[in-house]
Amino acid sequence: RWNVEQYVGLAGSYSWTWWAQMDCCCEPEVAKDAQEINRRVDWSTMLLWHCLNTARNWREQGAFWLQDPMPVMQGWQPDQYRRCAQMYSGVLEDNWPDLVGIGSVCRRNLTGPDGLFNVIEALQEEIPEHVGFHLFGVKGAALEKLKKYPRVVSIDSSAWDFRARMAAREEGEKYSMAWRGAHMKRWYEKQLERLNDR
């Protein structure tokens, strides 16, 4: 729905803490085989290059507040994520930022050949040690098990919003910003409790 210029325009509309590049997810529902996953990794690499260059053009025109986008690693098997990191390294000219995202982890198992732990371990070997990881779409219940990976510095989830939508239907409530905000606050507090129990 958005092209790169429109997306970077949104990123440049405010001084965000960080913003992520546009990327192409690789979950089995959208990428049925290795060929399609590799195509989507290639496409994500092109999008990283395009987002970086568009942001740099903005800065040259005076948008000094617009930082470079956070790269988002894509793939499904650990080797596909390694390949993605190697391709991104070329785009970044080995100048890695302090934070990268790891995408396509929604509903992924933690263990197994394509489990989240193996993906993290593959990327830890491929990406410089100073770089932290943000995990997109990891369930809060995984926090306890992720504590053995200190490079995982942040996560996000839309599970709270899904629950808010279902609860609004079940309880006959309006799916309003206030309703969603209350559910997000409860989710956040639950994650803090999990972290404090570690």
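Count of segment 30-50 residues, restricted to those that are closer than 18 Å to residue 82 by Cβ and either open to solvent by 70 Å² or more (accessible area, probe 1.4 Å) or under 16 Å from the mean Cα position of the chain (by Cα) (or both), is 8. Just so you know, in segment 1-29 the residues that are of a type outside the set (Ser, Thr, Tyr) and open to solvent by 100 Å² or more (accessible area, probe 1.4 Å) include one that is farthest from residue 65 (Cα to Cα), and it is 29.
This table checks each residue for (1) open to solvent by less than 10 Å² (accessible area, probe 1.4 Å); (2) part of a loop (DSSP other than H, G, I, E, B); (3) more than 14 Å from residue 48 (Cα to Cα).
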| site | (1), (2), (3) |
| --- | --- |
| 65 | no, yes, yes |
| 68 | no, yes, no |
| 81 | yes, no, yes |
| 86 | no, no, no |
| 95 | no, yes, no |
| 101 | yes, no, no |
| 108 | no, yes, yes |
| 130 | no, yes, yes |
| 133 | yes, no, yes |
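Cβ-Cβ contacts under 7 Å between residues 6 or more apart (or on different chains), taken from a first residue in segment 99-116 that is touching a residue at least 24 places away in the same chain (Cβ under 8 Å) and closer than 12 Å to residue 137 by Cα to a second residue that is crowded, with 16+ Cβ neighbours inside 10 Å and basic (Lys, Arg), are listed as 116/108. Among the criteria (1) among the charged types (D, E, K, R); (2) under 16 Å from residue 55 (Cα atoms); (3) modelled with pLDDT under 95, the one residue 1 does not fulfil is (2). Taking the criterion of being among the polar types (S, T, N, Q) and closer than 22 Å to residue 27 by Cβ, the residues of segment 61-85 that qualify are 74, 77, 80.
Scanning segment 51-63 for residues that are touching a helix residue (DSSP H, G or I) at 6+ places or on another chain (Cβ under 9 Å) and open to solvent by 60 Å² or more (accessible area, probe 1.4 Å) yields 57, 58. For segment 10-25, state whether one or more residues are polar (S, T, N, Q), closer than 19 Å to residue 152 by Cβ and either assigned to a helix (DSSP H, G or I) or over 17 Å from the mean Cα position of the chain (by Cα) (or both). There is no residue in segment 10-25 that is polar (S, T, N, Q), closer than 19 Å to residue 152 by Cβ and either assigned to a helix (DSSP H, G or I) or over 17 Å from the mean Cα position of the chain (by Cα) (or both).
The values are calculated or read from the model by the stated rules, or taken from the named source; none is laboratory data. Predicted model, so just to flag it, every value in this text is computed and none were measured. Every residue, glycine as well, gets a Cβ built from its backbone with ideal geometry; the counts of neighbours run over all protein chains shown. Keep in mind that these areas ignore ligands, DNA and RNA; they rest on the heavy atoms of the full protein, side chains included. Shrake-Rupley method; radii C 1.70, N 1.55, O 1.52, S 1.80 Å.
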